[in-house]
There are 2 protein chains.
Amino acid sequence: MNHFADKLTAAVKAKGNPVCVGLDPRFDLLPKEIQADAEKKFGKSPRAVAEAYLVFNKALLDALADLVPVCKPQIAFYEEFGADGIRAYDETVRYARAKGVLTISDAKRGDIGSTAVAYARAHLGGMEITGGSGVGFDADALTVNPYMGKDTLQPYLDIGVTNGKGIFVLVKTSNPGSGDLQDLEAGGRPIYEHVAEMVNALGAKHRGASGYSPVGAVVGATYPQQARALREKMPESIFLVPGYGAQGGTAQDAALCFRNGAGAVVNSSRGIIFAYKQDPYASRFGESRFAEAARAAAEKMAEELNAALKA
Amino acid sequence: MNHFADKLTAAVKAKGNPVCVGLDPRFDLLPKEIQADAEKKFGKSPRAVAEAYLVFNKALLDALADLVPVCKPQIAFYEEFGADGIRAYDETVRYARAKGVLTISDAKRGDIGSTAVAYARAHLGGMEITGGSGVGFDADALTVNPYMGKDTLQPYLDIGVTNGKGIFVLVKTSNPGSGDLQDLEAGGRPIYEHVAEMVNALGAKHRGASGYSPVGAVVGATYPQQARALREKMPESIFLVPGYGAQGGTAQDAALCFRNGAGAVVNSSRGIIFAYKQDPYASRFGESRFAEAARAAAEKMAEELNAALKA
């Protein structure tokens, strides 16, 4: 099986839930011991932050690997710390792969021509070196931005799909200002529906055995009405659903992004990885058992989503 | 003077031309000697590519620093080679700064809330470490994607502007498919005009002594009619103009992005950095004098643009 949608669908089924864990570390929110250990080794430096992120992420992946089908590291939080941060990002993706957790690189890349090819190779394909080869960031899928047009998305398909990789196109995002452009009406329908048509056209010839294409869609749980409409319009796309928990989306909202209980993964970042700072997990586990707290929070989210999907 | 638009305007004036050099290396297009030296040190590896890119870029910047006001490394070409590539990107930006060349990080980032803050810190602000600090990628400006809405652009202003940095918002891009979304008509005007209004609103309170705001616009030279209209609509924005040369835009097309001979910089990547592979530069300089070839090509572009601006 070398088709992204089939792999993701199988992983969700095998693990019995559609939870995606957002690996979005923040140095000041890490357990004090991890901060202190890293600073002891590398001082107050980007390298210390990178080291701490990696220690934190590995512990989380160790605790979550048998439970969650997919994780989504947000590259911005690593990019903030320059080349050292990017090294930690790279190793996080590799570690997730080694632990059997699929990875969605949340990088929202978008550019033209040979530049799009470079991004596709960076995240989905592997680099090309005359007489040699290698892998950039070996994720299973990449989030991409459609503003520059359909021709800017094609390279991800050309390079990624044959490689068993996928993309998630931003369609309707979860933030308050997502309507500024996405909701504008053109030709009698909002821009996000035009993007949905683009998603369908791109994915059409690539459907896997699961019935889904490797061209997924980002649709926020914070706009349930639009999510319901978009679910109808993109029947062959897996939805990546942000906005659950901290941003206000509920399990019932997220459930609208599914089709017969399948076809979507729902992301939570802070609500899982920093569960140890929030009750009831804070009092139950404390700081040193942050990974167990994350697991308990992920279990609770899985139960809530599964209950909403049965309802 | 700690205002990006003022710095860029002054640099263009001081160097007497609005040429922006795109530092977009490709391993197979580098001089054979640079390829071989890097492979001798690091084998056929990402590290070899990174080493070669840095040698190439430094030689270019040495040859061009007194001539060109600004350069634009496209981060995708570095990201392709993972963390090693990103290290070369980082050092390229630092080297340009040391040589007195302004840098626009062409990364087209875009995301929400705390993620946008992380991108802004990564490229324009400096990271924050409890009790310490540091710099991510120390560029002067960043290209950003508006699809997710105005709230996703604000953090770049909050973090970058006080720091003397700027952004260039994608408005009308140079690629064939740029019209797919950007040209759709909503409320009687194309989406790119809605983005232009967003650019004006964001920049309004930040105008510098030059009359320009730190919120610039990416407007392709390949769509001269739209460029002319957008120049009227965004009088306070500096335009970053891609599409010159290899993509088909002429000096006359690019001139439409200026206002009284100012307010824009025009990018060329391959046409300058790989001039040594193209006649008349190939026969005049040969492979070993690639940096002189780049300088000659940049001089010619400067002359053509200045002539078109006088006409």
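Values in this text are rule-based calculations from the coordinates and carry no lab data. All figures in this text were calculated on a predicted structure; none of them were measured in a lab. So basically every Cβ, Gly included, is an ideal-geometry build from the backbone, and we count neighbours across all protein chains shown.
The table below lists the values:
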item: Using distinct alpha-carbon pairs, which all enter the 1/r mean, Kirkwood radius of the stretch A:195-311 in Å; result: 15.1
item: DSSP-defined antiparallel bridges as percent of all bridges, the protein assembly as shown, nearest 5; result: 15
item: Those trypsin sites (Lys or Arg not before Pro) in the stretch A:210-269 that DSSP places in a loop and that have at most 10 other beta carbons within 10 Å; result: none
item: Anisotropy class of the stretch B:127-206 from Cα gyration tensor, a/c 1.5 cut; result: prolate
item: In Hz, Karplus ³J(HN,Hα) per residue of the stretch B:121-126 (6.51, -1.76, 1.60; θ = phi - 60°; x = Gly, Pro); result: 5, 4, 10, 10, x, x
item: Kirkwood Rh and Cα Rg combined as Rg over Rh, evaluated for chain A; result: 0.96
item: Inter-part distance where the stretch B:170-194 and the stretch A:241-311 are each reduced to a Cα centre, Å; result: 38
item: Within a Gaussian network of chain B (alpha carbon springs, distance under 10 Å), most fluctuating of B:VAL117, B:VAL135, B:VAL215; result: B:VAL135
item: Descending semi-axes in whole angstrom, ellipsoid equivalent of the stretch A:1-84, from the Cα gyration tensor; result: 30, 14, 9
item: Dipole moment magnitude, nearest 20 debye, chain A about Cα centre, only Lys, Arg, Asp, Glu C-beta charged; result: 500
item: ³J(HN,Hα), Karplus 6.51/-1.76/1.60, whole Hz, each residue of the stretch A:197-214, x for Gly, Pro; result: 5, 4, 4, 4, 5, 5, x, 3, 8, 10, 4, x, 4, 6, x, 9, 9, x
item: Shortest-first nm distances, B:ASP158 label point to equivalent points in other copies (7 Å, Cα→Cβ); result: 4.0
item: Per-residue HN-Hα couplings for the stretch B:270-275 [Karplus 6.51, -1.76, 1.60; θ = phi - 60°; Hz; x = Gly/Pro]; result: 3, x, 9, 6, 10, 4
item: Positive-pole candidate from B:LEU64, A:CYS257, B:THR115, dipole of the protein assembly as shown, charges at beta carbon; result: B:LEU64
item: Long-range amide H partners of B:ALA217 with built H, under 5 Å; result: B:VAL169, B:ILE238, B:PHE239, B:LEU240
item: 14 Å beta-carbon shell around A:ARG109, net charge (K/R +1, D/E -1); result: -2
item: Teacher prompt: B:GLU232 distances to equivalent labels in other copies, 7 Å Cα→Cβ, nm; result: 4.1
item: Value of Rg to Rh for the stretch B:74-126 (Rh from inverse mean 1/r over Cα pairs, i.e. Kirkwood); result: 0.99
item: Global form of the stretch A:132-282, assessed from the alpha-carbon gyration tensor, a/c cut-off 1.5; result: oblate
item: Long-range amide H partners of A:LEU142 with built H, under 5 Å; result: A:SER105, A:GLY166, A:ILE167, A:PHE168
item: Compactness index (Cα Rg / 2.2 N^0.38 Å), the stretch A:66-169; result: 1.04
item: Summed residue charge, Cβ within 15 Å of A:PHE258's Cβ, Lys/Arg positive, Asp/Glu negative; result: +2
item: Interchain or long-range residues, amide H under 5 Å from A:ALA186's placed H; result: A:ILE191
item: Chain B: relative contact order as a whole-number percent, Cα under 8 Å and 6+ apart; result: 18
item: Ascending list, in nanometres, of distances separating the A:LYS205 label from those of the other copies (7 Å, Cα toward Cβ); result: 5.1
item: Of B:VAL218, B:TYR156, B:GLY16, farthest towards positive along the dipole that unit charges on Lys, Arg, Asp, Glu beta carbons give the stretch B:4-310; result: B:GLY16
item: Neighbourhood net charge (14 Å Cβ-Cβ; Lys/Arg +1, Asp/Glu -1) for B:ASN17; result: +1
item: Globularity ratio of the protein assembly as shown, using Cα Rg and 2.2 N^0.38 Å; result: 0.93
